[in-house]
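Visitor: Below is one structure. I have some questions about it.
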Amino acid sequence: MKRLGQLLALGLLLALVLGVWTARGAIQVAVGYSAKQLCSAVFVAGLPEAFAKDLDIMPRMAILGPLLGSLKMHTDTSDGVVSASLLGVSARAVHIAGRGCTLHASGAGVLPLVPAVVADVGPGVPSDQSDAVDAAFQEPESDAGARNTLALLVATNRELQLEQYASPVTAQTRLQGWSMNKSLMATWVGMQAQRGNIDPSQPLLTLLAGESDLPTLDPRLTLLHLLQMESGLNFEEVYGPGSDVTRMLYTAPEMWKIPASRGQAYAPGEHFAYSSGDTVFASYLWQRSVDEPYEDWIAREFGSQLGIESLVAEADVSGVQVGSSYVYLTARDWLKAGQLWLDAWHGRSTLVPQSWLRDSVAARPSDPQGQYGRGFWLNTDGVAFDGLPDNLFYAGGNAGQYVVVIPEWEMVVVRLGLSDPGVDTGMHSFLQTLASLHAQTH
């Protein structure tokens, strides 16, 4: 009986330790997310603090339950730092010149960015699309959460046809693309490949030559596998305390080492699994090929070529761009990125080869649904947007970010927002309206 009591006591102790450890992991994610998102909202996007808290941070931190009231955030505008704390666990994000906000960075930062320059007044909303635009900004009749559409733009034949914002967002506001960064990363790798600065078909072990403390990797694994989400790495895209992706984004100083160290769950090229870890790993390899501060390369080789001046691509503490998630552009500049992809699809771009873009929007055998290519989501057999052209492709991101490219219509559509998980963003309905209007005029 005494032995049983000892075992029960030990079991309770282990359960308590595990519970505390799990709770601490959840709190690390909470304070990390809060500090990083508030820093970027205030210092990069130029949004009001209350707006960022009410529409972004607090809804996502609702999982804390009764602890939510104990979550504290502080913004020091003069010092370029945002801090967050909860039950003795804290995190800080620093606004670094040229690189936006970096989580867990030390020292002081810089003042907020000035709003992006806008040279002209937009076209507003055409009368035949006003009802559809109103519907896209209207909150759905549901208790699931908020839609929070912030920006909606449409361009046809290179001409901006429609532009609408929800206050306080304007054409000058840099907005986070979340996983649309993955589409940009695939583009930047393609640009470097065209110039002979990187061979994405080479084994990663070759690309990592000279790297100290090299992880054990499958010799068949390539950069293409990473960009196509078919690496087979044992990395799970599950957003919970202690998970691979949350440890990577909110606790790791060198994010790429998290997916690189996970080992293989499948052979490379055999299994599609959406993974921010794959793109963060790819970002590290791309950055090795650049051989200069990555922000300088982006500004000169990408931004200046397209007339994009608002882009801010953020890094982890080690200085590697977080290619899965952390890039900010104005809605108009997101539209320019979409126009680049449209031009490349048609073979009109000197920046991105048509062959690279076409391969990037081709379904992979590893993905039986045909929903993903190389950094882009696809619409194979209407898998994403039923009733829209099969060759539609798009960059997509958390909270309802879209840059949709419809090649046969010469159209690019941008929708940005802060939609709560599970809420209908209204994007499908809006695209269906555009399809009806297109059918009437063609």
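Visitor: Name the residues whose placed amide hydrogens come within less than 5 Å of the amide hydrogen of Glu236, ignoring near sequence neighbours (fewer than 5 apart) on the same chain.
Guide: Answer set, sorted by chain and number: Asp244, Val245.
Visitor: For Arg300 and Glu410, what does the FRET efficiency come to when R0 = 41 Å and r is the distance between their Cβ atoms, rounded to the nearest 0.05? Mind dumping the intermediate values first?
Guide: Numbers: r = 28 Å, r/R0 = 0.69.
E between Arg300 and Glu410, to the nearest 0.05, is 0.90.
Visitor: How much length is gained if the chain between Ala119 and Asp386 is pulled fully straight, taking 0.36 nm per residue apart and subtracting their Cα-Cα distance, in nm to one decimal? Walk me through the intermediate numbers first.
Guide: Numbers: separation 267, 0.36 × 267 = 96.12 nm, distance 3.70 nm.
Full-extension gain reported as 92.4 nm.
Visitor: Okay, moving on. Could you give me the ³J(HN,Hα) list for the stretch 338-345, computed from phi with Karplus coefficients 6.51, -1.76, 1.60 and θ = phi - 60°, whole Hz, x at Gly and Pro?
Guide: After applying 6.51 cos²θ - 1.76 cosθ + 1.60, I find x, 5, 4, 5, 5, 5, 5, 4 Hz.
Visitor: For the chain, what is the calculated [θ] at 222 nm in deg cm²/dmol (nearest 500), taking -39500 (n - 2.57) for each run of four or more DSSP H residues and dividing by its residue count?
Guide: On the way: 13 runs with 141 residues, N = 442.
Result for the chain: -9500 deg cm²/dmol, rounded to the nearest 500.
Visitor: What nm distance separates the two modelled labels at Ser212 and Arg158, each placed 7 Å from Cα along Cα→Cβ?
Guide: 5.0
Visitor: In addition: What number, in nm² with one decimal, is the all-direction average of the projected area of the convex hull of the alpha-carbon atoms of the chain?
Guide: Numbers: hull surface 96.9 nm².
That works out to 24.2 nm², a quarter of the Cα hull's surface.
Visitor: Helix 427-441 against the longest principal axis of the chain: what's the angle in degrees, Cα atoms only, rounded to the nearest 10?
Guide: 10
Visitor: Quick one: helix 276-290 against the long Cα principal axis of the chain, what's the angle to the nearest 10°, folded into 0 to 90?
Guide: For 276-290 against the chain, the angle is about 70 degrees.
Visitor: Can you list the HN-Hα couplings for the stretch 356-365, worked out from phi with the Karplus curve (6.51, -1.76, 1.60; θ = phi - 60°), rounded to whole Hz and with x for Gly and Pro?
Guide: Listing the rounded values in order: 5, 5, 4, 5, 6, 10, 9, 5, 9, x Hz.
Visitor: In addition: Once the Cα gyration tensor of the stretch 117-276 is found, what semi-axes does its equivalent ellipsoid get, as square roots of 5 times the eigenvalues, in whole Å, sorted largest first? Please list the in-between numbers first.
Guide: Working: eigenvalues 313, 91, 43 Å².
One finds semi-axes of 40, 21, 15 Å for the stretch 117-276.
Visitor: Using alpha carbon centroids, what distance separates the stretch 89-110 and the stretch 165-203, in Å?
Guide: Going from one Cα centre to the other spans 22 Å.
Visitor: I would also like to ask the following. Going by how many other Cβ atoms sit within 10 Å of their own, how do Arg300, Arg358 line up, fewest first? Each step should come with its number before you reach the end.
Guide: Values: Arg300 11, Arg358 15.
Listing Arg300, Arg358 from fewest to most nearby Cβ atoms yields Arg300, Arg358.
Visitor: What angle, in degrees between 0 and 90 and rounded to the nearest 10, separates the Cα long axis of helix 2-39 from the longest principal axis of the Cα atoms of the chain?
Guide: Taking the Cα atoms of the chain, the angle to 2-39 is about 30 degrees.
Visitor: I've got another one for you. Using alpha-carbon positions, what is the distance between the centroids of the stretch 210-264 and the stretch 283-333, in Å?
Guide: 20
Visitor: Using each residue's phi in the stretch 153-168, evaluate 6.51 cos²θ - 1.76 cosθ + 1.60 at θ = phi - 60° and report the 3J(HN,Hα) Karplus result to the nearest Hz, with x for Gly and Pro.
Guide: Rounded to whole hertz, the list is 9, 9, 10, 10, 6, 6, 9, 5, 9, 8, 8, 8, 10, 10, 4, x.
No value in this document is a laboratory result; all are computed from the given coordinates. These numbers were taken from a predicted model, which means no experiment stands behind them. Glycine gets a Cβ as well: all are built from the backbone with ideal geometry, and neighbour counts include every protein chain shown.
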